[in-house]
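The next block holds one structure in the form of structure tokens; read it before the comments.
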There are 2 protein chains.
Amino acid sequence: MPQDQLSRVFSALADPTRRDMVARLAATDATVGELAAPYDISLQAVSRHLRVLGDAGLVTRTRQAQRRPVHLEAEVFDLMTKWLERYRREADERYRRLDAVLGEMDDATPDPQEDHAP
Amino acid sequence: MPQDQLSRVFSALADPTRRDMVARLAATDATVGELAAPYDISLQAVSRHLRVLGDAGLVTRTRQAQRRPVHLEAEVFDLMTKWLERYRREADERYRRLDAVLGEMDDATPDPQEDHAP
DNA sequence: TACATTCTCAACCACTTGGTTGAAGAAGCG
DNA sequence: CGCTTCTTCAACCAAGTGGTTGAGAATGTA
């Protein structure tokens, strides 16, 4: 069950509620109650969403009286960006290299040539 | 059940096997059998992984005799990059001007189903 | 101390996910 | 046509997820 961090991060962001939380936390820190306000789910559910974000390293918590303010950790985004950039660039280059037809299905005489670059 | 695409994309990439497939597909197209080779799981499982990637818009399939070559669609990465860049930058700026006002929630009450989008 | 506020833990439940095996569809070859 | 190759569909199962409610921990306040 100990997934790698990248998996945890992607998994955490696969939920719209959690993405929305991240979006709001990018603007400012917030407490659990504040974060929960807009949603129609229980405080406990929000708390658990935050635990998922925390496990992914996307947020950290502190203590402020009874409150547990949540803070977005931007560094983790770099991890994702790094992964993304690498493969996006590779695919992009490859796309640029072959000047034909991918994705277009309207060819009447489909004679798929090899698209391997020389 | 019809999740938004961003959720499907993040969810698809939350699996290490699928991320590895994407990585390999960034180099070149491949058939199901070719993709399956390195992994110790059934061909059917690989086929289903590819369906997940396909539903997320990350790959497309064509037909080549009995084979169904898989092609990586780089455009979807832009979607993620856009999302990432936006909030990473916001958090970065905020980090830079580290005034950190807690408890200062603005009036934004977003619908959890929708991402923060302009 | 007693009480209110804020948040988390625990148990439960419906649904999804990622794997399995067996059967079947689709295309080429003898 | 029957047989082989490549791939998907279907049914099943264990484990995970996201919600619920109820209890309780942690802290500040009267």
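Inter-copy label distances for B:Arg86: 2.7 nm (label point placed 7 Å from Cα along Cα→Cβ; shortest first).
Contact order normalised by length for region B:5-73, with contacts defined as Cα pairs under 8 Å and 6 or more residues apart; what percent is it?
On the way: 69 pairs, mean separation 26.8, N = 69.
It rounds to 39 percent for region B:5-73.
A simple rule links phi to the HN-Hα coupling: the Karplus curve 6.51 cos²θ - 1.76 cosθ + 1.60 with θ = phi - 60°, which for region B:64-80 gives 9, 6, 6, 7, 10, x, 10, 10, 6, 9, 6, 4, 4, 4, 4, 4, 5 Hz, with x for Gly and Pro. Residues whose amide H lies under 5 Å from that of B:Arg68, counting only those 5 or more places away or on a different chain, are B:Val32; hydrogens are built 1.01 Å from N in the peptide plane. Peptide A:82-89 shows a mean partner chain C-beta count of 5 within 10 Å per residue C-beta. For B:Glu75, the distances from its label point to the matching points in the remaining copies are 3.7 nm, ordered from shortest, with each point set 7 Å beyond Cα toward Cβ.
Leaving ligands and nucleic acids aside, the B/A contact buries around 4000 square angstrom of accessible area in total at a 1.4 Å probe radius.
In order along region A:42-49, the phi-based Karplus estimate (6.51 cos²θ - 1.76 cosθ + 1.60, θ = phi - 60°) of 3J(HN,Hα) comes to 5, 4, 4, 5, 4, 4, 6, 4 Hz; Gly and Pro are listed as x. Per-residue mean of foreign Cβ neighbours for B:16-27 is 3 (Cβ atoms of other chains, 10 Å radius). Taking the label point 7 Å along Cα→Cβ, A:Leu43 and its counterparts in the other copies are spaced 5.6 nm apart, in ascending order. Estimate the FRET efficiency between A:Ala45 and A:Gln5 by the formula 1/(1 + (r/R0)^6), using the beta-carbon distance for r and 25 Å for R0, to the nearest 0.05. Efficiency, from the Cβ-Cβ distance: 0.60.
Derived from the Cα gyration tensor, the three semi-axes of the equivalent ellipsoid of region B:5-73 are 18, 14, 11 Å, largest first.
The values are calculated or read from the model by the stated rules, or taken from the named source; none is laboratory data. Owing to the predicted nature of the structure, the values given are computational and were not obtained by experimental measurement. In this analysis, Cβ positions are derived from the backbone assuming ideal geometry, glycine residues included, and neighbour counts consider all displayed protein chains. Heads up: the accessible areas ignore ligands, DNA and RNA and are worked out on the full protein's heavy atoms, side chains in. Shrake-Rupley method; radii C 1.70, N 1.55, O 1.52, S 1.80 Å.
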